[in-house]
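Following: one structure in structure tokens, then a few remarks.
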Amino acid sequence: MASVPVSLGMPSVKEAPPVLAPRRTTRQIKVGSVGVGSESPVSVQSMTTTPTTDINATLQQIAELTASGCDIVRVACPSQDDADVLHIIAKKSQIPVIADIHFQPKYVFTAIEAGCAAVRVNPGNIRKFDDQVKEIARAAKDHGTSIRIGVNAGSLDKRIMDKHGRATPEALVESAVWEASLFEEHDFHDFKISVKHNDPVVMVRAYELLAEKGDWPLHLGVTEAGPAFQGTIKSATAFGALLSQGIGDTIRVSLSAPPVEEVKVGLQILQSLNLRERKLEIVSCPSCGRAQVDVYTLADQVTAGLEGMSVPLRVAVMGCVVNGPGEAREADLGVASGNGKGQIFVKGQVIKTVPEHDIVATLIEEANRLAAEMGEVEGAAPSVSVG
């Protein structure tokens, strides 16, 4: 007797989630194996904080970034010793490596010859940069290396500063467009542009103006965004404003925090805008005088217990009877709590009521079960320890 397939209640064809605006159409470039441009997903970058000459430490940090979901990594190259080890790092890194070059143009050529996927150049602080664009373009084209023209408010060319008086959006864009024209004059088009500023308002306006000037792919960044909390807010505000207009093809959240934290924030921004598939999403109430359970502790413990879950699962942790049942019913999995107990919802149905001290373990157990079912549909079966 033939077996009858059991439906797990999930659609066989995924509909594309809604976005606020279509992506701005850009030319397409490659950073190693990663496409950058409107034909590719918005990618997430970070930068190592280790001395590049410490090869093992740098590769270890790159491995951690890779595991966290980073698509592209940048490494600093301030000295000849750093330049001399780029070939090892570029070869052994699991994700494309960009060499970050300032002041010394000779390192640009070293990085290209070392096999780096791309080179970031800052025209404002490389001596006589414009005079060397032809040679840089030729070397990059010969090796299949892309370039990022990285204009930064803190290091604008003196000529631009003398003209504008300060790093205005117009000044940043003028510098970027000028440098872009020099590369295009030498028939080199495999570059993206960034115009970074520490003020989100100035930064957003600069990118809006730049997007009107040409079809270059754009790398978004709020430079020197600050410590984790402040930098996250500034980056989310600026990136949200631009990505919601379809502007932006690759991003780096700059935080005074471990690089992995930058990647986590960047991915969460993209997921929140439906520019990346949403993974685990915790919906929890802010709590109030109506709450009859410790919502803060419940939400923190559930989040910690489900860390690492890679399937798209929406979990609601709610603390009262006003919005709790509705939010829990709309989630894949949820709890509506009150009077020291919680109703557990799975796919909109109450499956059991448990005492408060069992809520976390029950949610984690049910989340693992749902994740396993989803994994069987998609060819994998992830699990998270209740531990």
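The accessible area of MET309, taken with all protein chains in place and a 1.4 Å probe, comes to roughly 20 Å². In the range 280-374, inverting the average of 1/r over every pair of distinct C-alpha atoms gives 12.7 Å as the Kirkwood radius. Grab the other residues whose beta carbon is less than 14 angstrom from that of ASP142, score K and R as +1, D and E as -1, and report the net. Net charge around ASP142: -1. Neighbours of LEU209 by Cβ distance under 10 Å: Lys/Arg scored +1, Asp/Glu scored -1, total -2. What the chain shows is 46 Å² of accessible area per residue, with the surface traced by a 1.4 Å probe over protein heavy atoms.
Remark: the chain projects, on average over all directions, an area of 23.1 nm² (convex hull of Cα atoms).
Positive-end ranking of GLY231, ALA63, VAL151 along the dipole of the chain, with charges on Cβ about the Cα centre, is headed by VAL151.
Here the range 81-158 is described by how far its Cα atoms reach on the three principal axes: 39, 25, 21 Å, from widest to narrowest. Residue pairs exceeding 27 angstrom between C-alpha atoms, taken from LYS279/LYS352; LYS234/LYS341; LYS192/LYS279; LYS30/LYS134; LYS158/LYS213; LYS106/LYS234: LYS234/LYS341; LYS192/LYS279; LYS106/LYS234. Our coupling estimate for the range 23-33, obtained by passing each phi through the Karplus curve with A = 6.51, B = -1.76, C = 1.60 and θ = phi - 60°, is 4, 4, 6, 10, 5, 10, 10, 10, 10, x, 8 Hz, Gly and Pro reported as x. In straight-distance terms, cross-link reach from LYS128 covers every one of the aspartates and glutamates whose alpha-carbon lies under 14 Å from its own, apart from those fewer than eight places away in the same chain; here that gives ASP157, GLU179.
Working note: Cα gyration tensor of the range 95-212, eigenvalues times five, square-rooted, sorted largest first, giving semi-axes of 24, 14, 13 Å. Based on Cα contacts under 8 Å between residues 6+ apart, the chain shows a relative contact order of 13 percent. In whole percent, what relative contact order does the range 24-132 give with Cα contacts below 8 Å and a gap of six or more residues? Answer for the range 24-132 is 22 percent. Here the 3J(HN,Hα) profile of the range 119-124, calculated from phi with Karplus coefficients 6.51, -1.76 and 1.60 at θ = phi - 60°, is 10, 9, 10, 10, x, x Hz, Gly and Pro shown as x.
Remark: the range 170-180, residue by residue, has Karplus-estimated 3J(HN,Hα) of 5, 5, 4, 5, 4, 4, 5, 5, 4, 5, 4 Hz, where x stands for each Gly or Pro and the curve is 6.51 cos²θ - 1.76 cosθ + 1.60 at θ = phi - 60°.
The values are calculated or read from the model by the stated rules, or taken from the named source; none is laboratory data. If you're wondering where the values come from, they're calculated on a predicted model, not measured in any experiment. We place every Cβ from the backbone using ideal geometry, glycine too, and count neighbours over all the protein chains shown. All accessible areas refer to the heavy atoms of the entire protein, side chains included, with ligands and DNA or RNA removed. Shrake-Rupley method; radii C 1.70, N 1.55, O 1.52, S 1.80 Å.
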